[in-house]
Amino acid sequence: MLYDVIVVGSGISGLYAALYARRAGLNVALISKSNSLRSNSAVASGGINAVLKTTRHDSCRDHIADTIKGADKLARLSAVSAMVTGAEEIIQELRDMGVAFDTDEEGNIAQRPFGGTKAKRTCYIADKTGASITQTLLMQCRKEGVKILPNYVMLGIATYKDQLSGITLLRRRDSQVIALACKSLILAGGGFAGIYRGHSTNSQESSGDLIAIALRAKMRLANMEFVQFHPTTLLNSGTLISEAARGEGAYIVDENGERFTDELQTRDKLSRDIVKHQLAGHSVYLDFRHLGEELIDKKLPSARKHALMGAGIDILTELLPITPSAHYTMGGIWTRTDTSSDIPNVFVCGECAHSGVHGANRLGGNSLLEAAYFGRMAGTEAAKA
């Protein structure tokens, strides 16, 4: 089968890329390793960063500065600036598609603070933001005619005389190896934090398949050593408790009820503080008890559910034991700011890409923005190519 554009990966970056390639009038296929709603995007809980016209005490300049500082100054300024200044348009577009962001008393999009900044710039839907955006984009792709092929594993990039000709796939239902031809290819298959089995917020399917495929195709990789650990995951399973919990005021305490760190530090610093406290012989907990049932049920329902089902803890009355777990990989396939790569007509976006916006550490709320912004760009550029 010949497609104009093939997109591999069904998270927010892949869905956005497929949507924009399709809107250019092209024949587009979206390849997913499993169900589209099992991507890391779908379980991203806390929110998506943007400076809006209604955002108070904040600016794009501050968002850029926070991102660069949080990245240990190893981010690419041009990429960060482009992403940050395009954020408001992304939020409005998602809202127009039907994403029901939480609103304040005045009817404006509500925003909460996240680590690495005291500004309230993270737009959210309770603590299920990623799932809501993913579902909306998936329905939009189906509505606009993107061909969705679930349960296929990509095996390799096919080339002829150093030019893209297609991809090879394993069809999981019958283990048949097949080939699909395409004129442009978009890799959007996520990171590799799932290889930290038992100590990861990711599923085991987040194993870096596309990054390995790119390496075999002699494409450059960058910043592979930078792996972010999320500071608040369930002690016994690595299940994520969203940064939304701390954004809404949950405390990090030890067995004596003492707060020993700044809950709204960047994730790398906070994870280090927690591990140092644990190595000193302390247990570490999230404390929700002072927030009250009304706030928790309105803004943190998933945290309450995960705590009860995953640890048997009722966060209304009990402390929740936590520990850091591998969460996000900043490194990946090297790309230019327009998402193009070392192979002509191959574009890369999302967590498998090294877009340059995260440096050594990613700010919470920037991953969904990066996925949407560079996914949209990848779809546009692949259509042009």
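State yes or no: is L215 closer than 20 Å to Y124 by Cβ and surrounded by fewer than 21 Cβ atoms within 10 Å (Cβ to Cβ)? Give the derivation first.
Values: closer than 20 Å to Y124 by Cβ: no; surrounded by fewer than 21 Cβ atoms within 10 Å (Cβ to Cβ): yes.
It is false that L215 is closer than 20 Å to Y124 by Cβ and surrounded by fewer than 21 Cβ atoms within 10 Å (Cβ to Cβ).
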Within the set of pairs 6+ apart or on separate chains, which have a first residue in segment 50-72 that is in contact (Cβ under 8 Å) with a residue 24 or more places away in the chain and closer than 23 Å to F101 by Cα, a second that is surrounded by 13 or more Cβ atoms within 10 Å (Cβ to Cβ) and among the charged types (D, E, K, R), and C-beta atoms under 6 Å apart?
-> A50/E88; V51/D58; V51/R121; L52/E88; T55/R121; D58/R121
Filtering segment 316-336 for residues that are part of a loop (DSSP other than H, G, I, E, B), surrounded by 18 or more Cβ atoms within 10 Å (Cβ to Cβ) and either on the phi > 0 side of the Ramachandran plot or among the hydroxyl-bearing types (S, T, Y) (or both) leaves a count of 1
With criteria (1) at pLDDT below 95; (2) more than 18 Å from T232 (Cβ to Cβ); (3) not β-branched (V, I, T), C349 comes up short on (1)
Restricting attention to segment 136-159, does a residue exist that is in contact with a His (Cβ under 8 Å, 6 or more places away or on another chain) and open to solvent by less than 30 Å² (accessible area, probe 1.4 Å)?
-> no
Answer with yes or no whether H306 is in contact with a strand residue (DSSP E or B) (Cβ under 9 Å, 6 or more places away or on another chain), over 16 Å from A126 (Cα atoms) and of a type outside the set (F, W, Y).
-> no
Any residue at all in segment 224-236 that is touching a His at 6+ places or on another chain (Cβ under 6 Å), surrounded by fewer than 21 Cβ atoms within 10 Å (Cβ to Cβ) and not in a strand (DSSP E or B)?
-> no
Residues of segment 31-53 classified as open to solvent by 30 Å² or more (accessible area, probe 1.4 Å), at pLDDT below 95 and over 14 Å from the mean Cα position of the chain (by Cα), total = 2
When segment 250-308 is examined, which residues are found to be assigned to a helix (DSSP H, G or I), farther than 25 Å from D72 by Cβ, open to solvent by 30 Å² or more (accessible area, probe 1.4 Å) and not charged (D, E, K, R)?
-> L295, P301, H306, L308
Scan of segment 54-72 for residues that are out of contact with any helix residue (DSSP H, G or I) (no Cβ under 6 Å at 6 or more places or on another chain) and either modelled with pLDDT under 95 or not aliphatic (A, V, I, L, M) (or both), ordered by number = T54, T55, R56, H57, D58, S59, R61, D62, D66, K69, G70, D72
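Condition test on M83, is it assigned to a helix (DSSP H, G or I), crowded, with 19+ Cβ neighbours inside 10 Å and on the phi < 0 side of the Ramachandran plot?
Working: assigned to a helix (DSSP H, G or I): yes; crowded, with 19+ Cβ neighbours inside 10 Å: yes; on the phi < 0 side of the Ramachandran plot: yes.
So M83 fits the description; yes.
Yes/no matrix, rows are residues, columns are (1) over 16 Å from the mean Cα position of the chain (by Cα); (2) open to solvent by less than 50 Å² (accessible area, probe 1.4 Å):
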position: D4; (1), (2): yes, yes
position: L15; (1), (2): no, yes
position: R22; (1), (2): yes, no
position: D72; (1), (2): yes, no
position: Q92; (1), (2): yes, no
position: A119; (1), (2): yes, yes
Assess whether D174 counts as being without any contact (Cβ under 8 Å) to a residue 24 or more places away in the chain and within 25 Å of the chain's Cα centre (by Cα).
-> no
Would you mind stating whether G375 is surrounded by fewer than 21 Cβ atoms within 10 Å (Cβ to Cβ) and not in a loop (DSSP other than H, G, I, E, B)?
-> no
Extreme residue, surrounded by the most Cβ atoms within 10 Å (Cβ to Cβ), among residues of segment 354-372 that are of a type in the set (G, A, S) and assigned to a helix (DSSP H, G or I) | A371
Would you be able to say whether some residue in segment 252-262 is among the acidic types (D, E) and closer than 21 Å to N361 by Cβ?
-> yes
So, first residue more than 25 Å from G46 (Cα to Cα) in segment 368-385, second residue open to solvent by less than 10 Å² (accessible area, probe 1.4 Å) and among the polar types (S, T, N, Q), Cβ within less than 6 Å, six or more apart or across chains; the pairs are E381/T339; A382/S184; A385/S184
Every residue from segment 237-249 that is assigned to a loop (DSSP other than H, G, I, E, B) and within 22 Å of S200 (Cα to Cα) = S237, G238, T239, I241, S242, E243
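The values are calculated or read from the model by the stated rules, or taken from the named source; none is laboratory data. Owing to the predicted nature of the structure, the values given are computational and were not obtained by experimental measurement. For neighbour counting, all protein chains shown are included, and Cβ atoms are generated from backbone atoms with ideal geometry for every residue, glycine included. Remember, those area values only see protein heavy atoms, side chains included, never the ligands or the DNA or RNA. Shrake-Rupley method; radii C 1.70, N 1.55, O 1.52, S 1.80 Å.
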